[in-house]
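Working notes, structure below.
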Amino acid sequence: MTRTLTLTRPDDFHLHLRDGAMLNGIAPESARDFARAIIMPNLVPPIVTGAQAAAYRDRIAAALPGSDFVPLMTLYLTESTDPGDVIAAHKSGVIAAVKLYPAGATTNSASGVRDFDKARPVFEALAEAGIPLCVHGEVTDDDVDIFDREAVFIDRVLDPIRRATPALRVIMEHITTVDAVEYVRSHETGLGATITTHHLIINRNHILVGGIKPHYYCLPVAKREVHRLALVEAATSGDPRFFLGTDSAPHSDDKKECACCAAGCFTATHTMPLLAEVFERAEALDKLDAFTGHFGADFYGLARNDTRLRLQRSDEPVVFPRKIETGAGPVTVFDPGFAVHWQVVA
Ligand code: DOR
Ligand code: ZN
């Protein structure tokens, strides 16, 4: 049995760090194990200009004194985003990608895109400059069931955008369905997908059976077991189009444990041990390094990290913190619901 793993220091290609007291409290949880992360721009107000992205990057650095963690910034696409501003922000090295939120799809997405035709000039500019577009892939139509929103988005929105702008490099973020896995697999180039830690672990029963579990509620919502199994298969298959984006999304407990619970699972604290457990159970520990350390960097055109992260397996289950205390309140750490035997040792 494998007892130690020496991995390329991993990157997280989808991360929420928030701002202010929450940022200060939770940023060290990611910076401990990860070298870099794609930082989501859904603050209030959202990060829509290069200057805002640069200022946010500096606040992240200030929250991590002495750390070599590199935040890779993104811009929040709105219907009035100026393609020239996006290109300038990319040329000056401030942003690594642009994020598309369909308006109303998730936390702080009200300023997102309603009419995708209005964003076409930005899509064309991104395609020409080779800047990746990170996509929250869910429609928001009232008549579409929440469990079908990702599959319908692929047909109604994503595929038409990609046909109209074939050179656009797209990352389908936090995929949750067989449909998304198959869609990514049916395209040779220009399309990748991130998979979260929690979607590899929970299905919709975990959220709903025996009472509603707010800390398992996230968006896109976890689907049936058959979909979770497809995600595990994709993540552990060694296919470079699938890579880690944790979507670790902290909300203080008062925002989760209430009548209208915020969406998000917080996995930054122990994502690497959880993934080692998932990959070990899938008999694919040899595929973990590429999923967390190679494929995402390659898709983004970044050099792979030349530092390492070591994990060790113990016979006894490892105990992780149940909560992270922050100046914005306590944040509950995701409970995988099974014993984890792996821990990061260096
Ligand atoms: O669960 C989620 N939480 N999904 C998202 O798309 C947004 C995120 C958040 O910002 O809390
Ligand atoms: Zn997210």
- request: Using DSSP to define loop residues, name the GluC sites (Glu not before Pro) in the range 193-284 whose beta-carbon has at most 10 other beta-carbon atoms within 10 Å.
  value: E283
query: Given +1 on the Cβ of Lys and Arg, -1 on the Cβ of Asp and Glu, and no further charges, what dipole in debye does the range 4-344 carry about its Cα centre, rounded to the nearest 20?
result: 500 debye
task: Per DSSP H run of at least 4 residues, take -39500 (n - 2.57); add these up for the chain, divide by its residues and hand me the 222 nm value, nearest 500 deg cm²/dmol.
output: -8500 deg cm²/dmol
message: If I model a spin label as a point 7 Å beyond the Cα along the Cα-Cβ vector, how far apart are those points for N205 and A88 in nm?
response: 5.5 nm
- request: Express in nm, to one decimal, how much length is gained between D142 and F320 on full extension, taking 0.36 nm for each residue of separation and deducting their alpha carbon distance.
  value: 60.1 nm
statement: Descending packing, highest mean Cβ count within 10 Å first, for 16-22, 45-51 is 16-22, 45-51
- prompt: Can you run phi through the Karplus equation (6.51, -1.76, 1.60; θ = phi - 60°) for the range 163-172 and list ³J(HN,Hα) in whole Hz, with x for Gly and Pro?
  reply: 5, 6, 10, x, 7, 5, 8, 10, 10, 6
- line: Per the charge dipole of the chain (beta-carbon charges, Lys/Arg positive, Asp/Glu negative, Cα centre), the residue among M272, G337, H199 reaching farthest to the positive end is M272
task: Could you tell me which of M40, S67, P83 has its Cα farthest along the dipole of the range 1-134 towards the positive end, charges placed at Cβ (Lys, Arg +1; Asp, Glu -1), taken about the Cα centre?
output: S67
message: Can you give me the distance in nm between label points at D253 and R308, each placed 7 Å from the Cα along the Cα-to-Cβ direction?
response: 3.9 nm
statement: Note: the range 4-344 at 10 °C, 1.306 mPa s; Kirkwood Rh on alpha carbon pairs; Stokes-Einstein D in µm²/s works out to 80 µm²/s
- line: Tilt, helix 20-31 to longest principal axis of the chain (alpha-carbon atoms), in degrees rounded to tens, equals 60 degrees
message: For a protection proxy built on the mean count of beta-carbon atoms within 10 angstrom, sort 33-42, 53-62, 236-245, 319-328 highest first, please.
response: 33-42, 236-245, 53-62, 319-328
- request: Give me the net charge of R169's neighbourhood, meaning all other residues with Cβ under 14 Å from the Cβ of R169; Lys, Arg count +1, Asp, Glu -1.
  value: -2
- request: List H215, H14 from most exposed to least, where exposure is judged by having the fewest other Cβ atoms within 10 Å.
  value: H215, H14
- request: Apply the Karplus parameterisation 6.51 cos²θ - 1.76 cosθ + 1.60, with θ equal to phi minus 60°, to every residue of the range 66-74 and state each ³J(HN,Hα) to the nearest whole Hz, in sequence, with x for glycine and proline.
  value: x, 8, 9, 4, 10, x, 9, 8, 10
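Read-outs throughout are calculated quantities, based only on the coordinates presented, and are distinct from any laboratory measurement. In this text the structure is predicted, and so the values were computed from the model without any measurement. With ideal geometry, Cβ positions are generated from the backbone for all residues, glycine too; neighbour counts draw on all protein chains shown.
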